[in-house]
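K.L.:
Structure provided below as structure tokens; questions to follow.
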């Protein structure tokens with residue numbers, strides 16, 4: 001279970017007191033993410049515009065060291081050095097542990113082909129259909145909560161047995177209706193919603209890193 005009084009979340013609420021209104025959903029989201037990563041599952045993240053940039057930002061914090069050192073497994077280090085003493089030693093020293101996470105906003109060839117041949121609103125949904133496995137997490141970001149490509153991806157994720165979490169603005173929109181946890185920050189303007197999303201996902205990434213390393 002997530003420590004509701006964890007220093008990371010205390011600090012988040014000290015810095016952004018208005019997030020007290022969504023504290024329970026932040027904690028619930030942290031629990032879902034932690035369970036998934038401890039079980040070796042992956043996280044799929046999607047959003048549009050600034051939220052697409054947030055999706056990339058989140059996966060970057062998960063795939064490499066954020067604030068803590070993440071040494072790789074000693075057995076892997078030994079194998080690398082045995083394969084090539086010089087290059088292997090360099091890899092053993094510099095590679096970092098990570099959390100498996102995929103930003104669905106990339107894959108340009110897939111996105112343009114599927115958008116042209118089938119339906120551009122289903123590009124994220126198609127990736128959830130292929131990448132998503134039971135126990136994984138789909139993390140949808142939409143300031144309105146009504147971005148249909150994110151909503152449809154969440155539907156597919158739900159159908160395939162993934163946990164679905166969302167970050168939205170006030171109310172949560174349609175995305176909230178299919179989310180196991182929805183952090184609907186108390187703002188309406190797009191840029192203000194995004195400004196509150198950033199410290200939340202930083203705190204969540206810090207918490208996951210702290211849980212594993």
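Read the figures in this text as sums done on the coordinates, not as results from a lab. Here the structure is a predicted model, which is why all the values come from computation and not from measurement. Cβ: placed from backbone, ideal geometry, glycine included. Neighbour counts: every protein chain shown.
K.L.:
Would you work out the relative contact order for the stretch 1-107, in percent, from Cα pairs under 8 angstrom that are 6 or more residues apart?
P.N.:
Over the stretch 1-107, the number comes to 30 percent.
K.L.:
What do you get for the angle between helix 50-63 and the principal long axis of the chain? Use alpha-carbon atoms, 0 to 90 degrees, nearest ten.
P.N.:
30 degrees
K.L.:
Another one. Which value in deg cm²/dmol, rounded to the nearest 500, describes the helix-derived mean residue ellipticity at 222 nm for the chain, given -39,500 (n - 2.57) per DSSP H run of n ≥ 4 and division by the residue count?
P.N.:
The helix contribution divided over the chain gives -17000 deg cm²/dmol.
K.L.:
Using only the alpha carbon atoms of the stretch 83-207, find the Kirkwood hydrodynamic radius as the inverse mean reciprocal pair distance, in angstroms to one decimal.
P.N.:
The answer is 16.1 Å.
K.L.:
Percent relative contact order of the chain, based on C-alpha pairs within less than 8 angstrom and at least six residues apart?
P.N.:
It comes to 25 percent, rounded to a whole number.
K.L.:
So, by mean Cβ neighbours within 10 angstrom, what's the order for 94-103, 141-150 with the highest one leading?
P.N.:
Descending packing order for the listed peptides: 141-150, 94-103.
K.L.:
Beyond 20 Å, what share of the Cα-Cα pairs of the stretch 1-63 is found? Please give it as a whole percent.
P.N.:
Taking all Cα-Cα pairs of the stretch 1-63, the fraction more than 20 Å apart is 41 percent.
K.L.:
How big is Rg to Rh over the stretch 4-151, alpha-carbon atoms, Rh as the Kirkwood inverse-mean-distance radius?
P.N.:
Using only Cα positions, Rg/Rh for the stretch 4-151 is 1.05.
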